[in-house]
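S.K.: First, the structure itself, so that you have it in front of you.
The values are calculated or read from the model by the stated rules, or taken from the named source; none is laboratory data. These numbers were taken from a predicted model, which means no experiment stands behind them. Here the Cβ positions follow ideal geometry from the backbone for every residue, glycine too, while neighbour counts run over all protein chains shown. We work out accessible area using only protein heavy atoms, side chains counted, and drop any ligands, DNA or RNA first. Shrake-Rupley method; radii C 1.70, N 1.55, O 1.52, S 1.80 Å.
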Amino acid sequence: MSDDHQGADFSLKPTLTGELVTLRPFRLEQDAPVIREWLTDPEVLRFTDGDPGTPPPWDEEAERTMRQWYGTRADQPDRLDLAVVDRATGRCVGEAVLNNWQPANRSCGFRILLTAAGRDRGLGTEALRLIVGYGFEQLGLHRISLTVYGHNPRARRSYEKAGFVLEGTRRQALRFGEEWVDDHDMSILAPEWSQHRGHPESPRR
């Protein structure tokens, strides 16, 4: 990929298949029950929003907002939102997202979330590798970055396992109940990805 490449085409919404998961565009009617599940999951909210409280009851406004958001993900020209599907069950168990695209810098943000059904089985790490690999190899990105709260060591281990590197820490950035929590910045660069393809423990895989 040439260094002057800036025209990443986010209008194409691919299907990416691994051994454990498939990443695909959202199918709202099929995926809606699982989306509701993660939008009201205290653990998801604790790690993504830093909210230690009890989620509010699901109501008509929440349903409308959810449908408006997830029903338009395939139309977005500047980001990639894909459902994470457990190949063993065929069921959506989360989402993987490339967002905050900066064309001039060929950079994107990354985030991922999984429901309880998708955790602790390696699905998240594989989904991460699939979408990050697509970002570098097909979209021509140079840098993909993320933030992870200090009270989410499981996610940080997964990011490190796929090659993300700690860049810095915003100390005590989040008030979480009675505690202060750090917020960590991590990233991975195209030259690093080309060396290990998301497997830094075994380069040139």
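S.K.: Give me the pairs: first residue in the range 31-57 and among the charged types (D, E, K, R) and open to solvent by 30 Å² or more (accessible area, probe 1.4 Å), second residue modelled with pLDDT under 85 and part of a loop (DSSP other than H, G, I, E, B), beta-carbon distance under 9 Å, and six or more apart or on different chains, which are they?
M.R.: Taking only residues 6 or more apart or on different chains, the pairs are 46/52.
S.K.: Something else: For the condition over 29 Å from residue 179 (Cα atoms) and either in contact with a strand residue (DSSP E or B) (Cβ under 8 Å, 6 or more places away or on another chain) or of a type in the set (Lys, Arg) (or both), what is the one hit in 21, 44?
M.R.: Values: 44 fails: over 29 Å from residue 179 (Cα atoms).
From the options 21, 44, the qualifying one is 21.
S.K.: Going residue by residue through the range 163-176, is there one that turns out to be buried (at least 20 other Cβ atoms within 10 Å of the Cβ) and either over 20 Å from residue 120 (Cα atoms) or of a type outside the set (Lys, Arg) (or both)? Talk me through it step by step, then tell me what you get.
M.R.: First pass over the range 163-176, keeping only residues buried (at least 20 other Cβ atoms within 10 Å of the Cβ): 163-164.
Next cut, either over 20 Å from residue 120 (Cα atoms) or of a type outside the set (Lys, Arg) (or both) only: 163-164.
Scanning the range 163-176, I find at least one residue that is buried (at least 20 other Cβ atoms within 10 Å of the Cβ) and either over 20 Å from residue 120 (Cα atoms) or of a type outside the set (Lys, Arg) (or both), so the answer is yes.
S.K.: Look at residue 181 and say whether it is under 21 Å from residue 94 (Cα atoms), in a strand (DSSP E or B) and open to solvent by less than 60 Å² (accessible area, probe 1.4 Å).
M.R.: On the way: under 21 Å from residue 94 (Cα atoms): no; in a strand (DSSP E or B): yes; open to solvent by less than 60 Å² (accessible area, probe 1.4 Å): yes.
Taking the combined requirement at face value, the residue does not satisfy it.
S.K.: Check 125, 147 and return the single one that is of a type in the set (Ser, Thr, Tyr) and more than 24 Å from residue 78 (Cβ to Cβ). It would help to see each step written out before you state the result.
M.R.: Values: 147 fails: more than 24 Å from residue 78 (Cβ to Cβ).
Answer to the selection: 125.
S.K.: Here's another thing I want to ask about it. Limited to the range 58-82, what total is found for residues that are among the hydrophobic types (A, V, I, L, M, F, W, C), farther than 22 Å from residue 22 by Cβ and open to solvent by 80 Å² or more (accessible area, probe 1.4 Å)?
M.R.: Looking only at that region, the number is 1.
Matching residues to (1) acidic (Asp, Glu); (2) over 21 Å from residue 154 (Cβ atoms); (3) open to solvent by 40 Å² or more (accessible area, probe 1.4 Å):
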| site | (1), (2), (3) |
| --- | --- |
| 88 | no, no, yes |
| 95 | yes, no, no |
| 99 | no, yes, no |
| 103 | no, yes, yes |
| 111 | no, no, yes |
| 123 | no, no, no |
| 128 | no, no, no |
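S.K.: Can I ask one more? Would you pick out the residues in the range 160-177 that are basic (Lys, Arg) and assigned to a strand (DSSP E or B)?
M.R.: First, pick out the residues of the range 160-177 that are basic (Lys, Arg): 161, 170-171, 175.
The answer is 170, 171, 175.
S.K.: Quick check on residue 144: is it assigned to a strand (DSSP E or B), under 19 Å from residue 195 (Cβ atoms) and under 14 Å from the mean Cα position of the chain (by Cα)? Let's see the steps before the verdict.
M.R.: On the way: assigned to a strand (DSSP E or B): yes; under 19 Å from residue 195 (Cβ atoms): yes; under 14 Å from the mean Cα position of the chain (by Cα): yes.
So residue 144 passes the test.
S.K.: Got a sec? Which of 127, 162 is within 15 Å of the chain's Cα centre (by Cα) and touching a residue at least 60 places away in the same chain (Cβ under 8 Å)?
M.R.: Working: 162 fails: touching a residue at least 60 places away in the same chain (Cβ under 8 Å).
Just a single option satisfies the conditions, and that option is 127.
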